[in-house]
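Q: Provided herewith is a single structure, encoded as structure tokens, for subsequent inquiry.
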Amino acid sequence: MYTQAPMDMIAEDWGMVDYINAYQRQRRMVDAVIAGECGRLVFCEHLPVLTLGRLFKEESLLNSQQVIEQKGVAIHSVDRGGDVTLHAPGQLMVYVILDLNFYQRNLKRYLEKLEQVAVDLLKDFGILAVSVPGKRGVFAGADKITSIGIGVRKWVSYHGLGINVNTDLSLFSLIKPCGLDVQMTSMAQLLGRAVRMGEVKRKWMELFGNIFEVSIV
Amino acid sequence: MNNIILPELGEGITKATVACWHVKVGDQIHAGDEVCEVTTDKATFNVEAPASGRLQSITVRPGQDGLVGGVLGIIE
């Protein structure tokens, strides 16, 4: 465990990328950070895909896997915490490859900080959002706008969170997001206009840098 | 003999569920190897072997909860 925050992280924008490809790239980044390289902050989007976390329950799928796949939505089991979630274009995925030795090896605090970045970001866009004790993720009113789930190897994090920016929310009807009886919302739905993804990424980097006390290059 | 312990994961986290073991009883393992994966509500965490040796037994099986500071398995 280290006493100071890391100096730098490198931000990368992968654009629209296949989920498995992104996962494999993350795993290689984790190995690099374990070997001493600086952390990575990755932005990307995925074509429609359901990912099943380690706490996945069958009843969280509201349609059969066959029906879901017929709709063109891939399904993958993954090594992150949480239940099922949907990724789709318009949802900003933020993958954080970070050595948690710099953050007191505290998973709870790390998740809280990630949620705080999302809450502050949404506030900057005029959306009042909160993290709810006992429920991970970020909520705007009763609706969920950000889902979170991470993995950790040798105290290096991977996976991260997805913010619904301009996401087509109809696909969430396929599932109980995160196993919850909750409606999903998006920044576009709440603001009544499309939101520029580039603005969201720039703001995320600024707020993440402040909250995690790192320089992002 | 060395115990594989579920480490501290953060304040307020008192237990985690074993998702899977990456090794079998009888396997030779090395200090620092990731031997099992545990999960809390939103995080998975890979537990490392504290020493080299042979995995003698698994104390907490997949689907069962382990307590922070408790023994997940034993290396001989």
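The values are calculated or read from the model by the stated rules, or taken from the named source; none is laboratory data. Since the model is a prediction, treat every value here as computed from it, not as a measurement. We place every Cβ from the backbone using ideal geometry, glycine too, and count neighbours over all the protein chains shown. SASA here: full protein model, heavy atoms, side chains in, ligands and nucleic acids out. Shrake-Rupley method; radii C 1.70, N 1.55, O 1.52, S 1.80 Å.
Q: With the condition kept exactly as written, say whether any residue in the range A:75-98 is over 19 Å from A:Ser147 (Cα atoms) and modelled with pLDDT under 95.
A: No, the range A:75-98 contains no residue that is over 19 Å from A:Ser147 (Cα atoms) and modelled with pLDDT under 95.
Q: A:Gln104 - would you say it is within 29 Å of A:Gly209 (Cα to Cα) and over 18 Å from the mean Cα position of the chain (by Cα)?
A: So A:Gln104 fits the description; yes.
Q: Tally up the residues in the range A:180-204 that are in a helix (DSSP H, G or I) and open to solvent by 20 Å² or more (accessible area, probe 1.4 Å), please.
A: Of the residues in that region, 10 qualify.
Let's see how each residue does on (1) assigned to a strand (DSSP E or B); (2) under 16 Å from the mean Cα position of the chain (by Cα):
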| position | (1), (2) |
| --- | --- |
| A:Tyr110 | no, yes |
| A:Lys113 | no, yes |
| A:Val138 | yes, yes |
| A:Thr167 | no, yes |
| A:Ser170 | no, no |
| A:Glu206 | no, no |
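Q: Filter the range A:80-138 down to residues that are open to solvent by 10 Å² or more (accessible area, probe 1.4 Å) and of a type in the set (Phe, Trp, Tyr) and give me whichever is nearest to the other protein chains (Cβ to nearest Cβ).
A: It comes out as A:Tyr103.
Q: Which ones in the range A:58-68 are open to solvent by 50 Å² or more (accessible area, probe 1.4 Å), modelled with pLDDT of 90 or more and assigned to a helix (DSSP H, G or I)?
A: Across the range A:58-68, the qualifying residues are A:Glu58, A:Glu59, A:Gln66, A:Val67.
Q: Return the total of residues in the range B:1-56 being of a type in the set (Ser, Thr, Tyr), surrounded by fewer than 18 Cβ atoms within 10 Å (Cβ to Cβ) and in contact with a strand residue (DSSP E or B) (Cβ under 6 Å, 6 or more places away or on another chain).
A: Number satisfying all stated conditions: 0.
Q: Could you please find all residues in the range A:10-57 being open to solvent by less than 70 Å² (accessible area, probe 1.4 Å), among the aliphatic types (A, V, I, L, M) and under 25 Å from B:Glu8 (Cβ atoms)?
A: The answer is A:Val30, A:Val33, A:Ile34, A:Leu55.
Q: Does at least one position in the range A:30-46 carry a residue that is on the phi < 0 side of the Ramachandran plot, in contact with a helix residue (DSSP H, G or I) (Cβ under 7 Å, 6 or more places away or on another chain), part of a loop (DSSP other than H, G, I, E, B) and of a type in the set (A, V, I, L, M, F, W, C)?
A: So far as the range A:30-46 goes, no, none of its residues is on the phi < 0 side of the Ramachandran plot, in contact with a helix residue (DSSP H, G or I) (Cβ under 7 Å, 6 or more places away or on another chain), part of a loop (DSSP other than H, G, I, E, B) and of a type in the set (A, V, I, L, M, F, W, C).
Q: Kindly provide the set of residues from the range B:41-74 that are of a type in the set (S, T, N, Q) and more than 16 Å from A:Lys154 (Cα to Cα), ordered by number.
A: Residues satisfying the conditions are B:Ser52, B:Gln56, B:Ser57, B:Thr59, B:Gln64.
Q: In this structure, is A:Val67 on the phi < 0 side of the Ramachandran plot and touching a strand residue (DSSP E or B) at 6+ places or on another chain (Cβ under 7 Å)?
A: no
Q: Taking interchain pairs and intrachain pairs at least six residues apart, which have beta carbon atoms under 9 angstrom, with the first residue in the range A:140-154 and under 30 Å from B:Val47 (Cβ atoms) and more than 7 Å from chain B (Cβ to nearest Cβ) and the second basic (Lys, Arg) and open to solvent by 10 Å² or more (accessible area, probe 1.4 Å)?
A: As it stands, the answer is A:Ser147/A:Arg136, since those pairs meet every condition given.
Q: Could you tell me whether A:Ser173 is over 30 Å from A:Gly36 (Cβ atoms), touching a helix residue (DSSP H, G or I) at 6+ places or on another chain (Cβ under 6 Å) and modelled with pLDDT under 95? Give the derivation first.
A: On the way: over 30 Å from A:Gly36 (Cβ atoms): yes; touching a helix residue (DSSP H, G or I) at 6+ places or on another chain (Cβ under 6 Å): no; modelled with pLDDT under 95: yes.
For A:Ser173, the condition - over 30 Å from A:Gly36 (Cβ atoms), touching a helix residue (DSSP H, G or I) at 6+ places or on another chain (Cβ under 6 Å) and modelled with pLDDT under 95 - is not met.
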